[in-house]
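The values are calculated or read from the model by the stated rules, or taken from the named source; none is laboratory data. Remember, it's a predicted structure, so these values are computed and weren't measured experimentally. For neighbour counting, all protein chains shown are included, and Cβ atoms are generated from backbone atoms with ideal geometry for every residue, glycine included. Surface accessibility is based on the protein's heavy atoms, side chains included, excluding ligands, DNA and RNA. Shrake-Rupley method; radii C 1.70, N 1.55, O 1.52, S 1.80 Å.
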Amino acid sequence: MTNFHNKVIYQIYPKSFMDSNGDGIGDLRGIIEKLDYLKYLGVDYIWMTPFFVSPQNDNGYDVADYRSIDPVFGTMEDLDELIEEADKRGIGLMLDMVFNHTSTQHEWFQRALKGEKEYIDYYIFKDGDPQYLPTNWESKFGGPTWEYVPHLGKWYLHLFDSTQADLNWENPKVREELKSILRFWKEKGIKGFRFDVINLISKPKVFENDMEGDGRRFYTDGPLVHEFLKELMEDAEMKDIVTVGEMSSTSIDNCIRYSNPAEKELSMCFNFHHLKIDYKNGEKWELMPPDIHSLKELFKQWQLGMQDNGGWNAVFWCNHDQPRIVSRLGDDKNYWKESAKLLATTIHLLRGTPYIYQGEELGMTNSYFSDISQYRDVESLNYYEILLHKGKSKEEALQILAARSRDNSRTPMQWSDGKHAGFSESQPWIGVTGNYKSINVESEIEDEDSILKYYKKLIQLRKEKSVIADGRIEFLPEEEINLFAYRRQNETEELLVLNNLSGESLTLDTSKLELSHYKYLLGNYEDIKSQEKQLLLRPFETIVLERK
Ligand code: TEU
Ligand code: CA
């Protein structure tokens, strides 16, 4: 099996990365232009979110043809060139496979709509009356999970948008179709796959109302999910391919099974529990300050749970669905640089394969949109209406979107302080974040002390010190709520990682830490403030020490 423990994966949202032809939309040739930058950064793989033919209702997560490229992003020749050029730089490409659902524009769904029995069986249709929803489940994007098709007299299931119909994995023909899509891309030289919401593919035998929640408990990590995955991986020969599953509302036990090599399912899993610590009562659209205690507890549980049972985590703060971490857990005004570096260290030195989302390495911030017309995401637009409907004022609704919208991470990559941040010659499809004049690639390449240089260092360190990739993790007892401290250790090396997660200084009692046995390896302040038996950690300070 390919070793993915010592690799770093960079996520690209093609629509917002680089526009090569001046239509305001990022594209494949734009990625080719920037490969040298990614090589400079030192990443091993690039995961690209979907660029397949799609009506783009959910920015490509509504796939209408899994084997063709949406013309807005380029051509198959462009992709071939991208694969080849990336390969020359030692970078492997990972594609995003959206196998829980297809776009309703997909040929399979279109044929189902024509009444072809064979294709009706590709999806989850239920006979019924237009007045009675089959279940009371709620879609992830708001509203019911069912849509009625009058001329068929049937409802179909959509856990996401109504234009994203859930596939029927119980049908062996569907599974064969999906395997053949994987083989197709593998033959083209694709080195990895990210599987979108892959733990939602197995639906319950009986569909019933959920009296406790939105229905997710019936289809999350569903009854046959592990069997389906094993079969897919074996039949599509994914052995030498890096695979990561996006797991929605999952459990540690399931993620151990998904990622333990003995199970032959996936290389690793994303879970999102640590990114819900500022959801009030678990509700994304209710604001609350982050609960640092739960954040640390969740990391501990997941790190140790996976370590003790042979599982492997994908570790990350940011992706195309999450607000920017420096605005969320850091302080993008007073301690922008310090907090971005602290958050980087925290994640990269955990046990797991780290993911960097485009612009995170620059400390890109939330977009701070203030008008609904600036938003593009279907989820944000739906929830804006839902929030108003629930009685929130426009100001309140906009304040919630500003903190929670997925568009926070989808603004154009900030390449320079030039026109449209160097992303495009013309008006981008979504507005550029206002701070691009100071936060951009060009200026951070110049600055020795930049966030970009710090990420570069962390990536390099993973290559130099095997303890980062394969060492065990152990957490220091909690002395201070804002201190997140852990040790990484293998047979030859040991690191001690001390993170102050807050904007307040804290003093650490070092009498039990034997600090004299360690030397300084990395940090985000120029020096260390230590006295006998005490170490001062300044706002958002991170210190990495190495055992001599
Ligand atoms: O995301 C799945 C997912 O669980 C999130 O979209 C989440 O439900 C959402 O942010 C609500 O808070 C994946 C993709 O990453 C996302 O971009 C897609 O929209 C979604 O699947 C559907 O394919
Ligand atoms: Ca373009």
### Message
For region 1-43: of the residues being acidic (Asp, Glu) and under 17 Å from Gly359 (Cα atoms), which is farthest from ligand 1 (Cβ to nearest atom)?
### Response
Asp36
### Summary
Across region 413-470, the tally of residues that are of a type in the set (A, V, I, L, M) and closer than 15 Å to Ile25 by Cα stands at 4
### Query
Pairs under 6 Å by beta carbon, first residue open to solvent by 20 Å² or more (accessible area, probe 1.4 Å) in region 149-168, partner within 10 Å of ligand 1 (Cβ to nearest atom) and assigned to a loop (DSSP other than H, G, I, E, B), six or more apart or different chains?
Phe160/Lys140; Phe160/Phe141; Asp161/Asn57; Asp161/Asp58; Asp161/Phe141; Thr163/Asn57; Thr163/Asp62
### Message
Criterion first (within 16 Å of ligand 1 (Cβ to nearest atom) and surrounded by fewer than 16 Cβ atoms within 10 Å (Cβ to Cβ)) does Pro71 satisfy it?
### Response
no
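Given region 188-298, what helices (runs of 4 or more DSSP H) lie entirely inside it while holding 3 or more residues that are of a type in the set (Asp, Glu) and over 22 Å from the mean Cα position of the chain (by Cα)? Show your work before the answer.
Details: elements: 216-219, 225-235, 252-259.
Correct list: 225-235.
Looking at Glu448, Glu479, which is the one that is assigned by TED's automatic domain parsing to the domain that holds Phe73, acidic (Asp, Glu), open to solvent by 70 Å² or more (accessible area, probe 1.4 Å) and over 21 Å from Pro354 (Cβ atoms)? Talk me through it step by step, then tell me what you get.
Values: Glu479 fails: assigned by TED's automatic domain parsing to the domain that holds Phe73.
Every option except Glu448 fails the conditions.
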### Query
For region 6-36, what are the residues that are more than 12 Å from ligand 2 (Cβ to nearest atom), buried (at least 16 other Cβ atoms within 10 Å of the Cβ) and not β-branched (Val, Ile, Thr)?
Lys7, Tyr10, Gln11, Tyr13, Lys34, Leu35
### Task
Would you check if there is a residue in region 382-403 being at pLDDT 95 or above and touching an Asp or Glu at 6+ places or on another chain (Cβ under 6 Å)?
no
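Given the structure, is Ser426 touching a residue at least 40 places away in the same chain (Cβ under 8 Å) and either within 26 Å of Gln56 (Cα to Cα) or surrounded by fewer than 24 Cβ atoms within 10 Å (Cβ to Cβ) (or both)?
Working: touching a residue at least 40 places away in the same chain (Cβ under 8 Å): yes; either within 26 Å of Gln56 (Cα to Cα) or surrounded by fewer than 24 Cβ atoms within 10 Å (Cβ to Cβ) (or both): yes.
In short, yes.
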### Task
For region 401-421, enumerate the residues that are open to solvent by 10 Å² or more (accessible area, probe 1.4 Å), out of contact with any Pro (no Cβ under 7 Å at 6 or more places or on another chain) and over 17 Å from Gly363 (Cβ atoms).
Ala402, Arg406, Gly418, Lys419
### Task
Identify, from the list Glu514, Glu493, Glu526, Glu532, the residue that is closer than 16 Å to Leu349 by Cβ, among the acidic types (Asp, Glu) and open to solvent by 20 Å² or more (accessible area, probe 1.4 Å).
Glu493
### First in region 229-248 and free of Cβ contacts under 8 Å to residues at least 40 places away in the same chain, second anywhere and surrounded by 15 or more Cβ atoms within 10 Å (Cβ to Cβ) and part of a strand (DSSP E or B), Cβ under 8 Å, 6 or more apart
Leu229/Gly245; Met233/Thr243
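Has region 394-402 got any residue that is more than 16 Å from ligand 2 (Cβ to nearest atom) and more than 22 Å from Ile325 (Cα to Cα)? Before you say what the answer is, go through the steps one by one.
Step one: of region 394-402, the residues more than 16 Å from ligand 2 (Cβ to nearest atom) are 394-402.
Remaining after also requiring more than 22 Å from Ile325 (Cα to Cα): 394-395.
Scanning region 394-402, I find at least one residue that is more than 16 Å from ligand 2 (Cβ to nearest atom) and more than 22 Å from Ile325 (Cα to Cα), so the answer is yes.
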### Query
Which one is nearest to ligand 2 (Cβ to nearest atom) among residues in region 37-58 that are in contact (Cβ under 8 Å) with a residue 60 or more places away in the chain and open to solvent by 30 Å² or more (accessible area, probe 1.4 Å)?
Pro55
### Query
Quick check, is Ile25 under 17 Å from Lys188 (Cα atoms) and of a type in the set (Val, Ile, Thr)?
no
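Would you check if there is a residue in region 314-337 being over 23 Å from the mean Cα position of the chain (by Cα) and touching a residue at least 40 places away in the same chain (Cβ under 8 Å)?
Within region 314-337, the subset over 23 Å from the mean Cα position of the chain (by Cα) is 333-335.
From the residues that got through so far, the ones that are touching a residue at least 40 places away in the same chain (Cβ under 8 Å) too are 334-335.
Yes: one or more hits.
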### Message
So, in region 92-125, exactly how many residues are more than 16 Å from ligand 1 (Cβ to nearest atom) and either touching a helix residue (DSSP H, G or I) at 6+ places or on another chain (Cβ under 6 Å) or of a type in the set (Asp, Glu) (or both)?
### Response
11
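Go through region 128-172 residue by residue and tally those that are basic (Lys, Arg) and within 16 Å of ligand 1 (Cβ to nearest atom). Walk me through it before giving the result.
Initial filter on region 128-172 (basic (Lys, Arg)): 140, 154.
Filter again for within 16 Å of ligand 1 (Cβ to nearest atom), leaving 140.
So the count comes out to 1.
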#### Entry: Residue count, region 59-90 (criterion: part of a loop (DSSP other than H, G, I, E, B) and within 16 Å of ligand 2 (Cβ to nearest atom))
8
